[in-house]
Each structure stands twice: as C-alpha cells, then as structure tokens.
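Have a look at the structure below before the remarks.
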Amino acid sequence: MLRSRQHSIPPDPTPAMDDSSPKKQKAGSRPRNISNVPIICAAAAVITILLSSSKMMLKQSSFSSSSTNNLRPTKPKMDYHIDNKCFNLPTIKPAGTSFLNTPKFKKVLSPDNVSPSYYIGSVYGDRVRRHMSTDLVHFKLIKEHLISWSKLKNGNGASSSKTSEATISGVAFDLGANQGFFTYYLAALGLDVHAFEINAENFQSLQHGQHYNGKSVAERVNLYPVGVDNKVHRFDMSGGSYEGYIKQKADSKNSNGDDVGSDEKAASILAVTFDCFAHHSKIDLSTIPFVKIDVEGFEIAALMGASNSLFSKNTKIGAMLMEVGPDRWNRASIDLETGIQEMAKVSTHFKQTYILLRKEEKGGTCPVSIAEGVLADDKPEVIEDKVHKHKVAMNEWKGLLTKMNDNHWDCNFWYTN
C-alpha cells in the first residue's frame with residue numbers, strides 16, 4: 001500500500017536580509033519578518049490536513065476495490081486431473097507451416113450441394129468427392145444446428161431469420177479428422193477448428209487444405225498429429241487412410257523411466273487424453289458449439305479421457321456427432337459393458353440423443369432394421385429420404401448397443417443441447 005510522508009516546514013530562524021536593508025539586525029532585537037510566521041504555520045497545518053485526507057481516501061479506495069473484487073463473480077479454474085506424463089510433455093501446439101506436394105495432394109472442391117463450399121487436399125483427387133457426398137446429411141444437421149445455436153446466443157429466437165452462417169462463431173473439435181471433410185466445412189461456416197489426425201498421409205492432406213482454402217478459412221484451422229485416448233502414451237497405427245486406428249503397444253522406457261520419452265525404440269505417434277490437451281492448450285471450454293468424434297473404435301476411450309474437460313459440469317456442448325462401433329471397442333481394451341455405461345453417461349450431458357440409421361439395402365453398416373424391437377421411437381424424422389433419426393432413451397442403451405455389437409454394425413449418433 002502506498003504511504004505518504006509528511007514534511008513539516010519550520011520557520012526559518014534567520015530570515016535573509018534583502019539588499020534594501022540599511023543595517024544589520026541587532027542581537028536580541030525582534031526579527032523584522034515576524035509577521036510572516038503565522039502564515040507559514042498556517043500553510044504547514046493545511047498541508048498536514050491535506051496529506052492526512054489523501055491517506056484516508058487511499059485507504060477507503062483500497063477497501064472499496066477489495067470489496068468489489070470479492071463480490072465480482074470469477075470464472076472457476078478448471079481442474080483437468082492430469083498425471084505426471086501429461087504434465088511433463090512439451091506443450092501441445094498446432095502444427096505450423098508444412099512442405100507442400102501439390103502434384104500428389106490434389107486440390108478438391110466440396111460437393112456441389114454443400115454450402116459454403118471449401119477445398120481439401122487429397123491423394124484421391126476428385127474421386128474423394130463421392131466419399132464426401134455420404135456425409136451430406138451430416139453437413140445439413142450441423143449447419144441447421146449452428147445457425148439455430150448462433151441465433152439463441154445472439155438473443156434472437158431460434159425461428160428468427162436474422163442470423164445466417166456469416167454470424168456463426170466459436171470453437172469446434174474434430175477428433176479423427178481424416179482428410180478434412182468436416183474440418184474445413186466447420187471452418188468455412190465460421191468456427192475455429194482444432195483437428196486431430198494420426199495417419200501421416202491424411203495429416204498432409206489436412207495441411208494442404210490450409211494451402212488450398214482462403215486465408216479466412218485457413219487461419220481458423222489448427223492441426224495436431226496426435227491421437228486421442230484414455231491415457232498418455234506413444235503408439236503405432238493400424239488400418240488404412242479411412243480406418244486408421246491406434247495400435248496398442250507397450251511403451252518403451254527412456255532413461256528417466258517415463259512412458260513417453262525420447263527412446264528411439266518408442267512408437268512414433270503420441271496419444272493424449274483430451275483432458276491433457278485441455279491442460280496444455282488453455283482453450284476456453286465453457287461453451288463449445290460442436291464436436292465430432294470418429295476414431296475407429298477408440299470413441300469410448302476418447303470419452304473417458306475427456307471426463308474432466310469436454311464432459312465436465314463446466315462445459316456446455318451445442319451438438320456432437322460421433323461414430324460408434326461396439327465390436328471395435330476391444331481395440332482400446334474396452335469391454336461391451338463398460339462401453340454401454342460410458343455411452344449412457346455421455347448422453348446425460350445433452351438434452352436429446354439420436355441414432356442416425358441409413359435407409360439402404362440389406363447388408364448396410366447401419367440399417368433401419370436396428371430400431372426394430374429396440375427403440376420406442378417408431379416415428380423418426382426422415383432426412384432427405386436417406387436417414388432415419390431415432391431418439392434414444394436412457395433405458396435403451398443396453399439393447400441397442402448389444403444388437404449393434406452382435407451384428408458388427410457401426411452407426412453415427414447425434415447429440416444436441
């Protein structure tokens with residue numbers, strides 16, 4: 001606290017003689033300027049009063065400021081419950097500028113009926129557009145949700161026509177980004193996207209997407225060559241560019257005995273929990289417009305590793321799209337019962353949960369027949385005559401996921417708030 005020093009100003013016992021004085025003052029005689037003494041004393045008293053008043057005002061100001069700060073609501077500090085492996089990692093940051101290989105990674109425009117349009121980089125050239133077209137229903141759901149979400153956030157009614165994709169903003173996460181079908185669509189809509197991908201060729205495709213899109217889109221994309229799991233470790237990869245997943249492997253030890261280290265025998269790819277990523281990134285997770293998870297059997301592990309961040313009581317997610325394949329959970333050493341419990345648990349973070357069943361011929365990976373005898377919602381919304389959107393109730397998880405597991409089906413689930 002600042003302190004003011006008081007300076008007393010005593011009268012000068014020997015006033016100086018000006019040049020007009022005719023002679024030196026005699027000893028024992030009265031000072032010539034005796035009439036100035038009361039004025040000097042009065043000035044000193046005024047200064048003392050002013051300094052005391054200033055000191056009192058400083059104290060009152062300090063008290064008032066302290067009281068105001070105590071009453072002002074503060075944002076709670078997030079506790080992500082990270083372990084030493086996470087704490088000792090170098091800070092997890094987005095990958096920067098990359099080496100370009102445009103002859104190999106072709107510039108591919110999104111399908112004609114996708115708005116806003118965007119580009120990706122792909123080794124498959126225009127053939128990849130056919131694969132992107134299978135997600136048209138998902139793009140439609142995402143865009144409708146984000147427009148409605150933005151209207152509510154901006155104080156307009158959900159049915160208001162004042163808000164378009166031009167006003168969409170916020171942070172989105174794409175866990176299992178592949179070549180960027182969703183990553184660049186979300187960025188084109190206006191979201192700041194954090195995308196994770198473990199396949200090296202796919203990651204290069206993502207980096208070329210930053211080159212092929214305009215600055216306004218490219219600057220919203222953050223790319224991480226990192227896997228998402230329920231623990232921090234190094235791993236190898238199995239599967240191809242569309243179905244690549246973490247290959248479980250005992251981590252080698254470095255000289256410090258850490259599971260994640262610089263040992264040349266360690267596997268090449270880093271996996272972290274989302275809680276660990278949240279600790280390193282310091283991103284505000286209080287409100288997240290959208291999350292996509294497609295990690296080829298590691299979805300339950302990803303959910304478990306995000307329990308203190310994405311799925312904490314301090315975070316609200318607008319909507320989430322997640323691909324789920326129960327018969328693949330053993331890749332992450334997750335049994336069926338644990339997976340069912342986690343699926344039911346994550347649904348409690350949303351107001352509604354739906355399964356998206358595809359109206360396709362027999363033998364499809366997520367046929368409409370899944371609903372028979374399992375789901376009570378017998379009047380689903382039909383989207384573009386392709387997808388049946390069924391509600392999933394809390395007491396239906398066990399029967400639904402068991403049926404999917406027994407028939408080796410994998411489906412997309414849509415969660416909304």
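The values are calculated or read from the model by the stated rules, or taken from the named source; none is laboratory data. It should be emphasised that the depicted structure is a prediction, and the values quoted were computed from it without experimental measurement. Heads up: the accessible areas ignore ligands, DNA and RNA and are worked out on the full protein's heavy atoms, side chains in. Shrake-Rupley method; radii C 1.70, N 1.55, O 1.52, S 1.80 Å.
Globularity index of region 92-231 is 1.06 (Cα radius of gyration / 2.2 N^0.38 Å, N = number of residues). Which shape class applies to region 77-119: rounded if a/c is under 1.5, otherwise prolate when a/b exceeds b/c and oblate if not, where a ≥ b ≥ c are the square roots of the Cα gyration tensor eigenvalues? Note, shape of region 77-119 comes out oblate. Across the alpha-carbon set of region 162-227, the Rg to Rh ratio works out to 0.99, Rh being the Kirkwood radius. Over region 347-417, accessible surface divided per residue gives 54 Å², non-protein components excluded, 1.4 Å probe. Suppose the Debye formula is applied to equal point scatterers at every Cα of region 258-417; what is log10 I(q)/I(0) at q = 0.16, 0.20 Å⁻¹? The Debye formula, applied to the Cα set alone, gives -0.94, -1.33. Based on Cα contacts under 8 Å between residues 6+ apart, region 373-417 shows a relative contact order of 30 percent. Computed across region 363-417, the Kirkwood radius stands at 11.9 Å (inverse of mean 1/r, all Cα pairs). Using alpha carbons only, the radius of gyration of region 322-381 set against its Kirkwood radius gives Rg/Rh = 0.98.
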